[in-house]
Amino acid sequence: MPQSLITKILADHLVEGQLTPGREIAIRIDQTLTQDATGTTAFLLLEAMGIPRVRTELSVSYVDHNMAQFGPENHNDHLYLQSVAASVGAVFSRPGNGICHQVHLERFARPGRTLLGADSHTPTGGGMGMLAIGAGGLDVAVAMGGGPFYLTSPRIIGVELRGRLGQWVTAKDIILKLLSILTTRGNVGCMVEYFGDGVASLPVPARATCTNMGAELGVTASVFPADDVTEQFLRAQGRGEQFVPLAADDGCAHDTITKRLHVERDAAAIEAIRRHAADASLGPPDADGFAEMRFGPLAIDLAELEPLASRSPSPDNVLPVAELAGKKVSQVLIGSCTNSSYQDLMRVAGVLAGRTVHPDVELGIAPGSRQVLTMLAENGALGDLVRAGARVLESACGPCIGQGFSPAENTVSVRTFNRNFTGRTGTSNDEVYLVSPEVAVAAAIAGELTDPRALAERLGLDGSPIDAPEAFCIDDGMITMPPPADQAQRVEIVRGSTIVKPPAGDVLPDPLTGSVVIKVGDKITTDHIMPAGSLLKFRSNVPEYAQYVFNCFNEPDQPTFAERALAAKQVGCAGVIVAGDSYGQGSSREHAALCPMYLGVRVVIAKAIERIHQANLVNFGILPLTFVSSADYDAVAAGDEVTIENVAAAVASGETITVAIGGGELTCCVDLTPRQRAILAAGGLLTYTRNAR
Ligand code: MIC
Ligand code: SF4
């Protein structure tokens, strides 16, 4: 039977299970990546598991997130990461070398390989034809130790790209379009596979923009074929010999997808699916207004796309830029792992050359890697950026993770990034638009959102495509290779006082008695649970970082979430979190499970929980449950007492569990794989892995 490309890569790496959608499988991991905000925990856990040496083909530890260095914490992390990488045999990409996903694409990503990364945007590597997946640090640590990665055998959403993009319309507009069709909800357990004649016109970094923001769709991975364009990119990176051609077999049928959508609230998505999918059909609505939508592969005609923007607070809130034209802009930021490639920044430099940034706009530009920055410096484009008044930042995540450049209150910030959750910028009442570099630079010049096609006409700008370089500037001087295994014992691991060993999980009490410490709504991201920004520096210190769990919901002069949860824990009362739909979407940060666990949280009950977060909860011994009906969510209140009998039996094999809550009783689903059940029974992945060794 003709196979999809994803099926082929999965089949090549399958070590357990069968490729039947929805079933648990385990795959061999060839490469891993970690970054400093997740990496310290991942490496501390690797040490705690007693794994002396990484056993993958390649494991790279990047430093790109915590670069502000106010206080000693960040540099302590860098020194720990550099020394532990040398000790366990991981490659170390030094601070200044660039954003993990951009550098990985340039220097390490390989078609047909698997990559597991402790960062939700790891799927960026899919632009190279590899199966790249984001996970919690503990799962990545297990993979570094040579263990397989467990996931649900995916349903594969085929996305056919037809034709060519018009001038000033980009890959960012493709993925924003897809976000408007599939939304950020209901895609758990799926992967996206791009195909069609439109693929050939997209350079590798443009493909990576699409696969990067697959994370916002909530899919496990997104993959492009590996073709001539891929080969040219690899050759230009001096890695031509790593190319292998990869594509789906002719005549391969991608899966039929089923999605539960609300007939009124999701009307726009239903309409968009109908317009773009083969065989779309909507079933009858249930009592809550939800209906099942079934559809085959999606098709996007590239020539029909126009410049798009996604308005905060959610990446799927997509509008045509033309409709927003005239909106005053105060800040423009260009960079992040989504849009900071050489071609992206050459386009920006080309527009800025000989012009000055609008007087009412501050423009920040963070090139994605040292390679990109060096090439801009060498060909003079950097001079164009600086002369135009851009504030050029180091090659790092920077403002994308709230490390500086928080916008003023009630202003508009236009960013080429991938997330626009409330508060992620460090300002809670701003308005953030996610756009392409083309739209961003147009706004920087015009001082307002403008369709770049209209601006180009007005100013006579040249919109012809920026050619992929024949040869990138290759200099791996900031990539440190580990010493050979026999010299590793001589490496001294540097542990500053802010590097604190993370706590391990615990077996669930049975019966479990507790209380609802917080009740939150839909689309709660891991940024809401565990804020980053200026608090990012506490990532290596769980007791300190835990003080800020759900900080955005803390009220002045009221006990914080951390205080309430700890007070309950001290009297033997388990903390329970109640949440709505898509709980834990966004970042892979396992601190969103680890810190609540430290505070005594043992159960999360939600309408739906996102994939990476659900895995993190299990890994740290927290029981994830889902409501059978949304009406049950409405019946629960913060402060309600909770009793759950027969926890161990439900964890072992139950499909449902009875939860006595606030004087009533409700049934919740226990949606766990056999392996997750075993992990929970052991009190978390750390103990489970230690026991298995
Ligand atoms: C993010 O974009 O939110 C991050 C920071 O890169 C995270 C990882 C983290 O929280 O450390 C992610 O996307 O996984
Ligand atoms: Fe860094 Fe932002 Fe990419 Fe996360 S999304 S890896 S913070 S650039």
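Charge dipole of the chain (Cα centre as origin; +1 on each Lys and Arg Cβ, -1 on each Asp and Glu Cβ, all else neutral): 1020 debye, rounded to the nearest 20. With the convex hull of its Cα atoms as the shape, the range 93-153 has an orientation-averaged projected area of 4.5 nm². Once you place label points 7 Å from the Cα toward the Cβ at Asp462 and Ala303, how far apart are they in nm? According to this spin-label approximation, the distance is 2.5 nm. Annotation: average projected area of the range 635-684 is 3.8 square nanometres, based on the convex hull of Cα atoms across all directions.
Normalised by 2.2 N^0.38 Å, with N the number of residues, the alpha-carbon radius of gyration of the chain equals 0.91. Can you give the percent of C-alpha pairs in the range 303-386 whose distance is more than 19 Å? Above the 19 Å cut-off, the range 303-386 has 49 percent of its Cα pairs.
According to the Cα-based calculation, Rg over Rh for the range 553-615 is 0.99, with Rh computed by the Kirkwood formula. Of the peptides 79-85, 352-358, the ranking by mean beta-carbon count within 10 Å, highest at the top, reads 79-85, 352-358.
Computed over the range 62-127, the range of Cα coordinates on each principal axis works out to 41, 25, 18 Å, biggest value leading.
Once the convex hull of all Cα atoms in the range 337-439 is built, its volume per residue stands at 84 Å³.
Mind running the shape call on the range 491-556? Use the C-alpha gyration tensor, a ≥ b ≥ c as the square roots of the eigenvalues: rounded below 1.5 for a/c, prolate if a/b tops b/c, oblate otherwise. It comes out oblate by the Cα gyration axes.
Beta-bridge orientation, the range 587-693: approximately 70 percent antiparallel, per DSSP, counting only bridges with both partners inside. The three principal axes of the Cα atoms in the range 159-210 give end-to-end lengths of 32, 19, 18 Å, sorted in falling order.
Note on the range 379-431 and the range 306-355: Cα centroid distance 11 Å, given to the nearest whole angstrom. Per residue, the chain reaches -8500 deg cm²/dmol at 222 nm when only DSSP H runs of four or more residues are counted, each adding -39500 (n - 2.57). Within the range 388-547, all pairs of alpha-carbon atoms sorted by distance into 10 Å bins from zero give the percentages 7, 20, 26, 23, 15, 7, 1, 0.
Given axes a ≥ b ≥ c from the Cα gyration tensor, I'd like to know whether the range 519-599 is rounded (a/c under 1.5), prolate (a/b larger than b/c) or oblate.
Working: a/c = 1.44, a/b = 1.13, b/c = 1.28.
Verdict is rounded for the range 519-599.
The percentage of C-alpha pairs in the range 1-68 whose separation is greater than 15 Å is 67%.
The calculated P(r) of the range 11-165, using every Cα pair and 5 Å bins from 0, goes 2, 9, 18, 21, 19, 13, 8, 5, 3, 1, 0 in percent.
A 1.4 Å probe run over the chain, with the rest of the protein chains in place, finds 35 Å² accessible per residue. Please report, to two decimal places, log10 I(q)/I(0) for the range 128-194 at q = 0.13, 0.15, 0.20, 0.28 Å⁻¹ as given by the Debye formula with identical point scatterers on the Cα atoms and no solvent. The Debye formula, applied to the Cα set alone, gives -0.55, -0.69, -0.99, -1.34. Quote the Stokes-Einstein diffusion coefficient, in whole µm² s⁻¹, for the range 38-97, based on the Kirkwood radius over alpha carbon pairs, a temperature of 4 °C and a viscosity of 1.567 mPa s. It diffuses with D of about 109 µm²/s by this estimate.
In the range 584-627, the inverse of the mean reciprocal separation of distinct Cα atoms equals 10.1 Å; this is its Kirkwood hydrodynamic radius. With all projection directions averaged, the alpha carbon convex hull of the range 175-285 covers 7.8 nm². More than 13 angstrom separation, counting every C-alpha pair in the range 394-434; what % is that? That fraction is 44 percent.
Specify the longest stretch of the chain that does not include any exposed loop site, a site being one of the GluC sites (Glu not before Pro) with a non-H, G, I, E, B DSSP assignment and at most 10 other Cβ atoms within 10 Å.
The longest such stretch corresponds to 1-263.
Stokes-Einstein diffusion for the range 599-653, with the hydrodynamic radius set to the Kirkwood value over Cα pairs and evaluated at 10 °C in a medium of 1.306 mPa s, equals 127 µm²/s.
Could you give the C-alpha radius of gyration of the range 211-341 expressed as a fraction of 2.2 N^0.38 Å, taking N as the number of residues it contains? Here the Cα radius of gyration is 1.36 times the empirical estimate. Classify the range 204-251: rounded, prolate or oblate, from the alpha-carbon gyration tensor (a ≥ b ≥ c, eigenvalue square roots; a/c under 1.5 rounded; otherwise prolate if a/b is larger than b/c)? Oblate, because a/c is 1.5 or more while a/b does not exceed b/c. How large a share of the accessible area of the chain, in percent, is made up of carbon and sulfur atoms when the probe is 1.4 Å and the other protein chains stay in place? Solvent-exposed carbon and sulfur of the chain make up 48 percent of the total. Shown here: the range 489-642, whose C-alpha atoms stretch 59, 34, 33 Å along the first, second and third principal axes, sorted largest to smallest. Each Lys and Arg Cβ is given +1 and each Asp and Glu Cβ -1; about its Cα centre, the range 81-163 then shows a dipole of about 160 debye.
Would you work out the charge dipole size for the range 507-600 about its Cα centre, treating the Cβ of every Lys and Arg as +1 and the Cβ of every Asp and Glu as -1, and quote it to the nearest 20 debye?
With Lys and Arg at +1 and Asp and Glu at -1, about 160 debye.
Kirkwood hydrodynamic radius computed over the range 239-292 comes to 14.0 Å, based on all pairs of distinct alpha carbons.
The value for the range 571-693 of Rg(Cα) / (2.2 N^0.38 Å) is 1.01. Using a Debye calculation, one point per C-alpha and no hydration shell, please list log10 I(q)/I(0) for the range 79-229 at q = 0.15, 0.19 Å⁻¹ in order. The Cα Debye sum returns log10 ratios of -0.78, -1.17.
Placing a label point 7 Å from the Cα of Glu47 along the Cα-to-Cβ direction, the residues of the range 496-510 whose backbone N falls under 13 Å from that point are 496-503.
Once you reduce the range 590-607 and the range 467-508 to the center of their Cα atoms, the two points are 28 Å from each other. Over the range 353-399, the hull volume per residue, using the convex hull of the C-alpha atoms, is 56 Å³. Taken over the range 413-463, the percentage of Cα pairs per 5 Å bin, counting from 0 up to the bin with the maximum distance, is 5, 21, 28, 17, 15, 7, 6, 2.
The values are calculated or read from the model by the stated rules, or taken from the named source; none is laboratory data. Quick caveat: nothing in here was measured; it's all calculated off a predicted structure. All Cβ positions, glycine included, derive from the backbone under ideal geometry; neighbour counts span all protein chains shown. In case anyone asks, the SASA skips ligands and DNA or RNA and just uses the protein heavy atoms, side chains included. Shrake-Rupley method; radii C 1.70, N 1.55, O 1.52, S 1.80 Å.
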